[in-house]
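For reference, the structure is listed below as structure tokens.
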Amino acid sequence: MNNKLKIIISILLLLVIGYTIGTSTRKISEEEIKTIEEKVTYDRASTDLIVVNLPFPGAVTGKEFSVIGKARGVWFFEASFPIDVLDKDGKILVQTFATAQGEWMTNDFVPFKGEVKVPESYIGPATLILRKDNASGLPEHDASVSFPFVIEY
């Protein structure tokens, strides 16, 4: 292959990579943020207690996905908290948990991660619920954040 062709291919490759990076890092508008925030339901919770980074409200996921974010240490008990996935009728599809990715006995935010595996037979709208681990069982200590998403593939 001659040098001119190598240079042309290299330039085209750099342009494609640059375009891909530029379009995948666009800023989210204030209207898009408001629409996303409207889909999130906080029950005795707020973004000062828990933040979910993935999946985001309205996201389309596969049958297996990670739930990633950060929560204040009070959200955990023994370094974990429950995660539920409900189907379109509000029936439980999956019950699992998220685990602290750092020291959880703190009032500070602690990163967490949970793995979800939805039954192969389910495709469609779903709700993700992250519940504060309430070891006391007293309803006044319950808290959660939830939002809709879609399971497709």
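Take the residues of region 84-105 that are in a loop (DSSP other than H, G, I, E, B) and of a type in the set (Gly, Ala, Ser): which is farthest from Leu130 (Cα to Cα)? Across region 84-105, the extreme among qualifying residues is Gly102.
Looking across region 41-62, the residues that are assigned to a loop (DSSP other than H, G, I, E, B), farther than 23 Å from Glu120 by Cβ and hydrophobic (A, V, I, L, M, F, W, C) come down to Ala45, Leu49, Phe56. It is to be established whether one or more residues within region 95-104 are more than 15 Å from the chain's Cα centre (by Cα) and hydroxyl-bearing (Ser, Thr, Tyr). No, there is no match, as no residue in region 95-104 is more than 15 Å from the chain's Cα centre (by Cα) and hydroxyl-bearing (Ser, Thr, Tyr). For region 63-83, give me each residue that is surrounded by 15 or more Cβ atoms within 10 Å (Cβ to Cβ), charged (D, E, K, R), out of contact with any Leu (no Cβ under 8 Å at 6 or more places or on another chain) and part of a strand (DSSP E or B). Result: Lys70, single match.
Only one entry of Val116, Val110 meets the criterion of being in the same structural domain as Thr61 (by TED's automatic domain parsing), under 13 Å from Pro55 (Cα atoms) and not in a loop (DSSP other than H, G, I, E, B), and that entry is Val116. Within region 84-114, restricting attention to residues that are more than 22 Å from Glu64 (Cβ to Cβ) and aromatic (Phe, Trp, Tyr), the residue that is surrounded by the fewest Cβ atoms within 10 Å (Cβ to Cβ) is Phe109. The condition (being of a type in the set (Gly, Ala, Ser) and in contact (Cβ under 8 Å) with a residue 40 or more places away in the chain) is satisfied by just one residue among Ser144, Ser46: Ser144.
The values are calculated or read from the model by the stated rules, or taken from the named source; none is laboratory data. None of these values were measured; they are calculated from a predicted model. Glycine gets a Cβ as well: all are built from the backbone with ideal geometry, and neighbour counts include every protein chain shown.
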